[in-house]
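The values are calculated or read from the model by the stated rules, or taken from the named source; none is laboratory data. The model shown is predicted, which means the values in this text are computed figures rather than measured ones. Neighbour counts are summed over all protein chains in view; Cβ atoms, including those assigned to glycine, are modelled from backbone coordinates with ideal geometry. These accessible areas exclude ligands, DNA and RNA; they are computed on the full protein's heavy atoms, side chains included. Shrake-Rupley method; radii C 1.70, N 1.55, O 1.52, S 1.80 Å.
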Amino acid sequence: MLLDVLRTAYRWYGFNKAPFELLGLSLAVLGTLFALFSIKDGQKLTKDLRTVFDHLTTREAGPFPAYMKEVDRLIADARESIFIATDFPGHGTWADRGSYGAYVKALENRKADRVRRGHPLNIQLLTLDAAGRERAFEERFPESRWKEYVKRGGFQKNRRLYEELENCEVSEVREKFIAEMRARQDRALDADLRFAERWEYPGLMPVYLWIIDGEKAVFAIPSFGDQLTEYGFVTQEMGLVQALLSVWSRYVEASRRVSSVPTLTSVKAS
């Protein structure tokens, strides 16, 4: 009985299979079209969301050295002033020598461009003093973790780039390494960034600053755990920029001038 039913159903399908195949093909085409439209809508949504995020007044710029791209971008738009506060004058010379080179070039090129146009650019650089930099070296490269850092940390990768661009050799002996880093930071302060008004600060520096024209800024918050890095943010929020300018002012009040006095006259009031 069951076999008869199956035979009858099979014969019926054999006579009517063309409409079923056509229906299946139609559904497949509709499914493909739906998928294509979904992809297109998804791409449009992604583009719209990216536009929204691009217009946020404050957003994350990533860890070092990723956020330095935002610093370089803002430097390229500077018209009147650039205020910088970082622990070391040569910010990132060891961690990413290539990014440091691009950063110094961006500063120098922008200053030269403004001078050519008859609009001098006021660049102010504030950094830890020599004693503070020495303490920072000891904290970042402690004796207790030095061998581990050389073997499994970022030492070898950083050394390859540093030696190539500095045309030197970096020792794996901690004392010699710190001596090289100390000398390099002195060169950054006295030579690389000689075109800036320079200040040395004796205190702690919980936030690093790049404030452009008193209108926009990148600020970075250092992390002092096993993974030493900073996390950067870029902002055009005027209230936040003014707060960062207040931090800058407090840094300056406790600092010693290396060259001429920095002022806030070139910063527009909110």
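Worth pointing out:
- Residues of the range 54-130: accessible area per residue with a 1.4 Å probe, Å²: 41
- Measuring r between the beta carbons of GLU139 and HIS119 and using R0 = 51 Å, the FRET efficiency lands at 0.80.
- Potential extension, ASP186-ASN167 segment - 0.36 nm per residue separation minus Cα distance: 5.1 nm
- Neighbour net charge for GLU164 - beta-carbon separation under 12 angstrom, K R +1, D E -1: +1
- Environment charge of VAL173, counting only residues whose C-beta is closer than 12 Å and scoring Lys/Arg +1, Asp/Glu -1: -2
- Neighbour net charge for GLY203 - beta-carbon separation under 13 angstrom, K R +1, D E -1: 0
- Placing dummy labels 7 Å off each Cα toward the beta-carbon, the span from LYS151 to GLU60 is 3.3 nm.
- Expressed as a whole percent, the accessible surface of the range 91-227 that belongs to carbon and sulfur atoms is 50, based on a 1.4 Å probe.
- Contour minus Cα-Cα distance for ASN109 and MET238 (0.36 nm per residue): 43.8 nm
- Between ARG73 and ALA254, the modelled labels are 3.3 nm apart [label points 7 Å from Cα along Cα→Cβ].
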